[in-house]
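Written out below as structure tokens is the structure these notes cover.
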Amino acid sequence: MGRSGRPLFTTCLPASPGKSAGSDMQSRELTDIAILSSKPKVDILREPASENLRKLKKRKVLVEQKKKLSAWILFLALLGIVLMVIHTELLRFANCQWFVYLYLMKCTISISTIFLLILIITFHIKEIKLFMTDNSLVHWRIAVNTRMLAWILLEIVVCAIHPFPYERGCEERELPGKEKQALIFLSQGDVFLSILMFLRVYLLPRTMLLHSKVLVDASYRSIGALNKIKFQYQFVMKILMNTCPGRVLLTLTISLWVVSSWVLSVCERDAQGMSNLSSAMWLIPITFLTIGYGDMVPQTVCGKMICLFTGVMGVGCTALIVAVAAQKLEFTKAEKHVHNFMMDIRYTKQIKCAAANVLGEAWLLHRHTKQGDMSKIRLHQRELLGAIHIFRRRRIKHKNLKDQVNSMVDISKMQMIMTELDCNLNSSHQDLEKRIDQLDRKLDEISRLIMTAIESPHLSH
């Protein structure tokens, strides 16, 4: 800075033609310094190591809090579903004396739902804080967009669905053939809201992701980040399907059967022959396996939709089972090599035997042709044609085996062979160049000797 308070370097004069490029770069740097000095000073410094360590500790704490919150969220969601199922099943045998207890159970479901919503909001707040810590953001509005807010609101709406305790009285109805009276407590709206509570199952994959070894393992995440892999629940489900596909499919199938059977029994509680759980547990597997005997048919729209959903899920699970079975029945690399090697030996022996039979039948045909025995000639002609047919068929089988061997498993062998051929060609090329150089030197010597002999005085005379 000068005495007048102005910056010393305010302009950059053009360099003279005799100056080098280094002076031009220096003048540009001085101009940049002048511009920066004329503006208010801003601290553009790297964050110290202590700040990075603090962020790392904060991130670790937030991840642990997210794991605990996800576990509690899943527990409260499943608790609400279990209480709803118990409440619905108790209505089959309850009367007005149980009204208070059933009403308190519905109030408990509402209280658990309120705590569930509070924990969900807290979970998303921790998630936003984690995103801000990872990206060094200052304000939360930068980390939140419209799409994220829409998903959070949708999740809150889905988890808020449950049968509300709005009943204020008790009504009874006479059952045919029974002296006791049944309690009318579950309306069509309550049935619909109770079924929609199973949408809370979507929380299970998220909890599995947060508690999986994939997310905890630092090396796994580092290699995945280098390969641009998003660690979401789809990736975790693919890992489970590759590691233990049988258990995953068995658990999914049994859970689907049980839940669909219970929902169908609730939907068809007033229909003929479908009010009990055993009948629904017979209809669901038959629909899941796409058999459909027709002895039981859903009467309500809700029951028809459940059967349709079960049939679609059955087709998908069957396709997954077929894919897993095909993968399990596939040969490993060692097994494939052993099998192909033994089949190659077997087909080679069969081809040799078939060729020997062809030669033998041809010799016998030639022998009986000389003797003139027509019956023997016709017999050996037929046998010769049959031997030729067998020989060709075995040659085709052997050729198909060779084509199957030339797969991706044997590309490594082909690559090794090509590498060895390349090395041999390079070595032979180098030897050839050495020999050509030697011949070139010898030709130079011969030409030099010829020139000296021509220029000698003895030959000139």
query: Can you pull out the residues in segment 334-371 that are surrounded by 13 or more Cβ atoms within 10 Å (Cβ to Cβ) and farther than 30 Å from Q404 by Cβ?
result: G360, E361, A362, L364, L365, R367, H368, T369
message: Out of everything in segment 60-80 that is among the basic types (K, R) and out of contact with any Lys or Arg (no Cβ under 7 Å at 6 or more places or on another chain), what residue ends up being surrounded by the fewest Cβ atoms within 10 Å (Cβ to Cβ)?
response: K60
2 or more residues under 24 Å from I306 (Cα atoms), open to solvent by 30 Å² or more (accessible area, probe 1.4 Å) and at pLDDT 85 or above: qualifying helices (runs of 4 or more DSSP H) within segment 102-211: 146-160, 188-196
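Mind checking which residues of segment 297-312 are open to solvent by less than 60 Å² (accessible area, probe 1.4 Å) and in a helix (DSSP H, G or I)? Even if it seems obvious, please write down each step before you answer.
Taking segment 297-312 and keeping what is open to solvent by less than 60 Å² (accessible area, probe 1.4 Å), we get 298, 300, 302-303, 306-307, 310-311.
Hits for segment 297-312 are C302, G303, I306, C307, T310, G311.
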query: Among the residues of segment 212-221, is there at least one that is open to solvent by less than 40 Å² (accessible area, probe 1.4 Å), modelled with pLDDT of 75 or more and over 30 Å from V301 (Cα atoms)?
result: yes
field: Top-ranked residue of segment 410-431 - restricted to ones that are hydrophobic (A, V, I, L, M, F, W, C) and open to solvent by 100 Å² or more (accessible area, probe 1.4 Å), ranked as modelled with the highest pLDDT
entry: L425
task: Answer yes or no: is there a residue in segment 336-351 that is touching an Asp or Glu at 6+ places or on another chain (Cβ under 6 Å) and in a helix (DSSP H, G or I).
output: no
- request: Determine which single condition I86 fails, assuming it passes every other condition in (1) among the aliphatic types (A, V, I, L, M); (2) surrounded by 15 or more Cβ atoms within 10 Å (Cβ to Cβ); (3) closer than 25 Å to V157 by Cβ.
  value: (2)
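Yes/no per residue for (1) without any contact (Cβ under 8 Å) to a residue 40 or more places away in the chain; (2) more than 15 Å from I73 (Cα to Cα):
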{"residue": "S110", "(1), (2)": "no, no"}
{"residue": "T113", "(1), (2)": "no, no"}
{"residue": "I118", "(1), (2)": "yes, no"}
{"residue": "L137", "(1), (2)": "yes, yes"}
- prompt: In segment 372-384, what residues are of a type outside the set (S, T, Y) and open to solvent by 40 Å² or more (accessible area, probe 1.4 Å)?
  reply: G372, D373, M374, K376, R378, L379, Q381, R382, E383
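The values are calculated or read from the model by the stated rules, or taken from the named source; none is laboratory data. What you see is a predicted model, and the numbers here were worked out from it, not measured in a lab. So basically every Cβ, Gly included, is an ideal-geometry build from the backbone, and we count neighbours across all protein chains shown. Quick note on the areas: whole protein, heavy atoms, side chains included, nothing else; ligands and nucleic acids left out. Shrake-Rupley method; radii C 1.70, N 1.55, O 1.52, S 1.80 Å.
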